[in-house]
Amino acid sequence: MRFGEPVLELVRGMWITFKSIFERPVTVQYPEEKRPVRPRFRGRHVLHRYENGLEKCIGCSLCSAACPSDAIFVEAAENTDEARYSPGERYASTYEINMLRCIYCGFCEDACPTEAITLGDNYELTFTDRRDAIYDKDMLIEPLPAGSDELTPQKVKPGVHTRAVPEMKNPDD
Amino acid sequence: MGVEQKLGNMGVVTAKLEDMVNWARTRAMWPMLFGLACCAIEMMSAQAAHYDMSRFGMELMRPSPRQSDLMIVAGRVSRKMAPVLRRLYDQMPEPKWVISMGDCASCGGVFNNYAIVQGVDEVVPVDVYVAGCPPRPEALIHGIVTLYEKVQSETMKDHA
């Protein structure tokens, strides 16, 4: 080993450290500044509505059957034309997701025949009590679209909303 | 209220001792790493440059329970690991807090079977549960901020 070699190695190493002084910091200042999520990110669930305010969920429980961690509980009840929640025969009278059980795999989204449930982009799910983690239908369902004031249940004319699953317009879709 | 009015404008600020103690606790809360599974990767990421938990007074993760205030249980806890978890928790000095990070630590998650503890709150008292499988580093930081809010509202009696 030559005499100057350890010193040279030290200088070489410190040069790397010195160069990083001029690099821009990479830290995202998280609570103030949020990094946008990827398009296919799966976060907190949202239950959707049709444009007329009716709920898309028909209470078929396919999501709860597809769920690998049994996080979803659905209870269905009958629709009537006086009190209509969703098109078709039945609607979800109870819809609960345990956010601490859910593994955000998106199988419920794939299983849903009416595209009622999708996984949104909210990941800030922290709880101080385990019971708070069970989200019910009122927390999950999306608010009414702007300008419409038709809440569910609606009173509708008989024979209009007979199909639970909307007719497929484009088979390739 | 009291002493400020008597002293007048003398540049004296008074505060409650509880507030000062809680302020100090939230500014230097050293976490004990308890990485058990994939959540630990996100916990490491939260500690690294992009998210940098040292902004919240968590300069370094202590592998030793005697120097830590906060236990972050990241990952599934098996029945065999549970006594170890409890022992490490008991070795931590008071005051101490626990964050249960991820679904498996919080309630067993997808592993609903005989081998996994269905939530570490069977073993240790948990302050904050963070959902996600695994949670993003931001979600863990959100949990830490939630814990800080909880600590700020604590009184001396809570730790008596």
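Just so it is clear, none of the values below were taken in a lab; they were calculated from the coordinates. These numbers come from a predicted model, not from an experiment. As a convention, Cβ positions derive from the backbone with ideal geometry for all residues, glycine included, and neighbour counts pool all protein chains shown.
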Quiz item: Placing +1 at every Lys and Arg Cβ and -1 at every Asp and Glu Cβ, with all other atoms neutral, what dipole size does region B:30-151 have around its Cα centre, in debye to the nearest 20?
Solution: 380 debye
Self-check item: Taking A:T80, B:T26 and counting other C-beta atoms within 10 Å, the order from fewest to most
Solution: A:T80, B:T26
Quiz item: How far is the Cα center of region A:121-137 from the Cα center of region A:18-52, in Å?
Solution: 19 Å
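Treat every Asp and Glu Cβ in region B:120-160 as -1 and every Lys and Arg Cβ as +1, leave all other atoms uncharged, and give the resulting dipole magnitude about the Cα centre to the nearest 20 debye. Walk me through the intermediate numbers first.
On the way: 3 positive and 7 negative charges, 21 e Å.
In total the dipole reaches around 100 debye.
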Practice problem: Using label points projected 7 Å from each Cα along Cα→Cβ, tell me how many nm separate B:L60 and B:A82, to one decimal. | Solution: 3.4 nm
Quiz item: At what distance in nm do the modelled label points of B:E94 and B:Y114 sit from each other, each positioned 7 Å from its Cα along Cα→Cβ?
Solution: 3.9 nm
Quiz prompt | Mean separation of Cα contacts under 8 Å (6+ apart) over length of chain A, as relative contact order % | solution = 27 percent
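Let me know the charge dipole size of the protein assembly as shown about its Cα centre in debye, to the nearest 20, where only the beta-carbon of Lys, Arg (+1) and Asp, Glu (-1) is charged. Display every interim value, and only then the final one.
Numbers: 38 positive and 46 negative charges, 255 e Å.
The dipole of the protein assembly as shown has a size of about 1220 debye.
Among DSSP bridges having both ends in chain B, what percentage is antiparallel? Round to the nearest 5. Don't skip to the answer; put the middle values down first.
Numbers: 1 of 15 bridges.
Approximately 5 percent, going by the DSSP bridge assignments.
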Exercise. Give me the distance in nm between label points sitting 7 Å out from Cα along the Cα-to-Cβ direction at A:E51 and A:V26, one decimal.
Key: 4.6 nm
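Run through the DSSP bridge list for the protein assembly as shown and note the antiparallel percent, rounded to the nearest 5. The partial results should precede the final answer.
Working: 17 of 32 bridges.
Percentage antiparallel, nearest 5: 55.
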Exercise. Provide a whole-number value for the mean count of partner chain Cβ atoms within 10 Å of the Cβ atoms in peptide A:20-31.
Key: 4
Practice problem: Please list, or write none, the lysines whose alpha carbon is within less than 29 Å of the alpha carbon of A:K155, excluding same-chain residues fewer than 8 places away. | Solution: A:K56, A:K137, A:K169
Quiz item: How big is chain B on each of its three principal axes, counting only the C-alpha atoms and giving the largest first in Å?
Solution: 65, 36, 25
Quiz item: Excluding A:C57 itself, what net charge comes from residues whose Cβ is under 14 Å from its Cβ, given Lys and Arg +1 and Asp and Glu -1?
Solution: -4
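Kirkwood hydrodynamic radius, chain A, all distinct C-alpha pairs: what's the number in Å?
Values: mean 1/r = 0.0504 Å⁻¹.
Across chain A, the inverse of the average 1/r is 19.8 Å.
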Self-check item: Among B:Q91, B:M81, A:Y135 - extreme Cα towards positive end, dipole of the protein assembly as shown, charges at beta-carbon
Solution: B:Q91
Exercise. Kindly put A:S20, B:S54 in sequence by how many other C-beta atoms sit within 10 Å of each C-beta, fewest to most.
Key: A:S20, B:S54
Quiz prompt | For region B:17-88 versus region A:62-110, the gap between their alpha-carbon centres in whole angstrom | solution = 36 Å
Quiz item: Among B:70-80, A:30-40, what's the highest-first ranking by average C-beta atoms within 10 angstrom per residue?
Solution: B:70-80, A:30-40
Quiz prompt | Calculated P(r) tail over 28 Å for the protein assembly as shown, as whole % of Cα pairs | solution = 56 percent
Quiz prompt | Shielding by partners - mean other protein chain Cβ count within 10 Å, residues of B:142-150 | solution = 3
